[in-house]
Amino acid sequence: MTIASQWKQLLSILYVALPFVFPKFSARHKLHSPAKQPTPGDLWQCFIVVARNQTISTLLHAAMISFSARSLYRFDASLPGILEIFQHVALAFLIHEILFYYTYRLSHHPSLYPSIHKPHHRFVAPVALAAQYATMTEHLFSNVMPVQLPFMILNAHIVTFWIFLSLELVQTATDHSGFDFFAGKARDHDLHHEKSVVNFGSAGLMDWLHGTEGSSNTGSEAD
Ligand SMILES: [Zn+2]
Ligand SMILES: [Zn+2]
């Protein structure tokens, strides 16, 4: 968990550093104007909140592994086969999409939104580091639980969990990167940050099912 989290931090820092290291390349691929970009003060505050969230979730994860009677994952010395990895990653992808969609959408309910999720919408033009800029409640229920629970249900091998977690962290960092990489994947979540009523899911499957897919014509939430 710690290694994967550091991998995400490294990727986030690379995304955030891109405008400073390669300004012309960055300007060609940035989805928002410089005026909408967060200030150095915003980025510092973001870093503090993300570091707090990762520290607490890592300690919680370590405590669960240490004290849980039933192991969270399989730790066999023999590695899982390719077919098992593929099956568990595919199933975890589906379970994650369902869990993430409903917990994330619930956090937009008017009675929960101001105290639980509104801080995440502070960045109208998100940067990768802001993927985990969230209250502790949101971080545990929307970021940690939907990733961890599928592997506890499946009793999957820890290596399979690391593979899925790494893919998931690359996706969420890219979704918040503010760049048009990977066929403009970040546009969907940017629209969520802007309008709050569309694109709640991670992969788009549940948004398609519930008709909450976003477009530039979708209305905004008055919060
Ligand atoms: Zn976001
Ligand atoms: Zn939101």
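As I understand it, the dipole of the chain uses +1 on the Cβ of Lys and Arg and -1 on the Cβ of Asp and Glu, about the Cα centre. Which of Ala77, Phe93, Ile153 lies farthest toward its positive end?
Ala77
Sorting Lys24, Lys36 on the 10 Å Cβ count, fewest up front, what's the list?
Details: Lys24 7, Lys36 12.
Neighbour counts put them in this order, fewest first: Lys24, Lys36.
Can you show me the helix-derived [θ] at 222 nm for the chain, built from DSSP H runs with n ≥ 4 at -39,500 (n - 2.57) apiece and divided by the number of residues, rounded to the nearest 500.
-18500 deg cm²/dmol
Test of understanding: ordering Leu149, Leu83 by Cβ neighbours within 10 Å, fewest first, what list do you get?
By the 10 Å Cβ count, ascending, the order reads Leu83, Leu149.
If you find the alpha carbon centre of the stretch 192-214 and of the stretch 23-48, how far apart are they in angstrom?
Their Cα centres are 24 Å away from one another.
Could you put Thr55, Thr174 in order, starting from the residue whose Cβ has the fewest other Cβ atoms within 10 Å? Don't skip to the end; give the middle numbers.
Details: Thr55 12, Thr174 20.
Lowest to highest Cβ neighbour count: Thr55, Thr174.
Stretched out fully, how many nm does the piece from Lys118 to Ala63 gain, at 0.36 nm a residue minus the Cα gap?
16.9 nm
In nm, give the distance between the simple-model label positions of Ala27 and Leu83, each being 7 Å from the Cα along the Cα-to-Cβ direction.
Distance between the two pseudo-spin positions: 5.5 nm.
If the reach is capped at under 21 angstrom between alpha carbons, list the lysines near Lys118, excluding any in the same chain fewer than eight residues apart.
Lys36, Lys195
For the chain, restrict the atom set to alpha-carbon positions and state the Rg and Dmax in Å.
Using the Cα atoms of the chain, the pair Rg, Dmax is 17.7, 54 Å.
Every read-out reported here was derived from the displayed coordinates using simple, explicitly stated rules and does not represent laboratory data. Bear in mind that the values here come from a model prediction, so they are computed numbers and not experimental data. Here Cβ is always computed from backbone atoms with ideal geometry, including for glycine, and neighbour counts include all displayed protein chains.
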